[in-house]
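Inspection log for the structure reproduced underneath, given as structure tokens.
The values are calculated or read from the model by the stated rules, or taken from the named source; none is laboratory data. Bear in mind that the values here come from a model prediction, so they are computed numbers and not experimental data. Glycine also receives a Cβ, built like all others from the backbone with ideal geometry; neighbour counts cover every protein chain displayed. The area values use the complete protein model at the heavy-atom level, side chains included, leaving out ligands, DNA and RNA. Shrake-Rupley method; radii C 1.70, N 1.55, O 1.52, S 1.80 Å.
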Amino acid sequence: MKGILLNSDFTLKKVNGRLVVGDITAQNQTILIIANKGSFKSRPMRGVGANLYLEDHKLEDLAREIRTEFIADGMTVNSIKIPETLEVEIDAYYAKN
């Protein structure tokens with residue numbers, strides 16, 4: 001899916017004063033995983049809140065919640081793996097229209 005890209009600190013990415021457009025799938029996935037419920041005014045129930053799951057060490061619950069949120073956002077999810085190293089492996093994408 002194409003959209004406006006963000007820098008790693010979530011500010012708008014600009015080149016020569018212009019916004020940069022590109023594939024926003026990975027940044028949307030990151031934002032959904034980090035955001036807590038209530039973070040988005042227009043969709044208050046959206047967001048995983050990964051930090052809450054990591055405190056309880058329930059990685060299978062975290063993977064399930066990520067899958068649920070990605071599907072709700074319109075993604076097709078093939079797999080989500082969270083090994084003990086906590087390096088999340090995601091195979092999910094937005095279907096092309």
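Here's the picture: charge each Lys and Arg Cβ at +1 and each Asp and Glu Cβ at -1 in segment 1-61, and of LEU19, SER8, ASN51 the one pushed furthest to the positive end of that dipole is LEU19. If you take every residue apart from ALA92 with its C-beta less than 12 Å away from the C-beta of ALA92, what net charge results, scoring Lys and Arg +1 and Asp and Glu -1? It works out to a net charge of -2.
For the chain, the longest principal axis of the alpha carbon atoms and the long axis of helix 59-72 meet at an angle near 40°.
Evaluated at q = 0.22, 0.25, 0.26 Å⁻¹, a Debye calculation over the C-alpha positions of segment 16-97 (equal weights, vacuum) places log10 I(q)/I(0) at -1.07, -1.28, -1.35. Over the C-alpha atoms of segment 54-97, the Rg to Rh ratio, Rh being the Kirkwood estimate, stands at 1.02.
Axis angle, to the nearest 10 degrees, between helix 25-34 and the longest C-alpha principal axis of the chain: 50 degrees.
With the simple model of a label 7 Å out from the Cα in the direction of the Cβ, ARG64 to ALA26 spans 3.0 nm.
Please give the charge dipole size of the chain, origin at the Cα centre, charges +1 on K and R Cβ atoms and -1 on D and E Cβ atoms. Round to the nearest 20 debye.
Using only the charged Cβ atoms, the result is roughly 700 debye.
Cβ under 11 Å from ASN7's Cβ, ASN7 left aside: what net charge do those residues give with Lys, Arg +1 and Asp, Glu -1? Neighbourhood net charge equals +1. Solvent exposure of the chain, expressed per residue, is 70 Å² of accessible area, with all protein chains present and a 1.4 angstrom probe. Share of segment 21-97's accessible area from carbon and sulfur, percent, 1.4 Å? Reported share for carbon and sulfur atoms: 51 percent. Projected label points at ASP56 and ASN78, each 7 Å from Cα along the beta carbon direction, are separated by 3.0 nanometres. Comparing Cα centroids, segment 1-67 and segment 72-97 end up 12 angstrom apart.
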